[in-house]
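Each reported figure results from applying straightforward, stated rules to the coordinates on display, with no laboratory input. Quick caveat, the model's predicted, so the values are computed rather than measured. Glycine gets a Cβ as well: all are built from the backbone with ideal geometry, and neighbour counts include every protein chain shown.
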Amino acid sequence: MPENLFKPAVPILFVRDVSASSRFYRDRLGFVVDFLYGTPPFYGSVSRGQASLHLRHVGAPNFAALAATEPSLILATIEVTDVHGLYEEFQAQAVDVAQLPTRQDWGGTDLHIRDPDGNVISFVTYTRHQ
């Protein structure tokens, strides 16, 4: 029996407006809009490199209020090779930074950003990549 190949997980973010969220990820974070589904769109996908995020319409984001009070409530983590360079890129786009690049005891340096719906995304570079 052949070994089953696991591929990267795809987080699904809850957003109020899939079209507006896809524009944020495209215009401010450098992602590509892979698809938008429905009229108006109620589901979509954005990607950058090998990282994908799906966007799903909800009446009100489920985690926004909790994320505002709970430190480091991260809804997706994306590994990158240069978190400091990414931070500079995001600064130029006036992205809401929830945590500056921080070296962690567990071996990574991570940066947290907050999207317009309050979803916190972590970008991390591990020591082995530096």
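Volume per residue of the convex hull around the Cα atoms, evaluated for the chain, comes out as 140 Å³.
Suppose R0 equals 35 Å. What FRET efficiency, 1/(1 + (r/R0)^6) with r the Cβ-Cβ distance, do Ala20 and Gln104 give to the nearest 0.05? So, using R0 = 35 Å, E works out to roughly 0.65.
Take each peptide in 76-86, 108-118, count the other Cβ atoms within 10 Å of every residue, and average; sorted highest first, the result is 108-118, 76-86.
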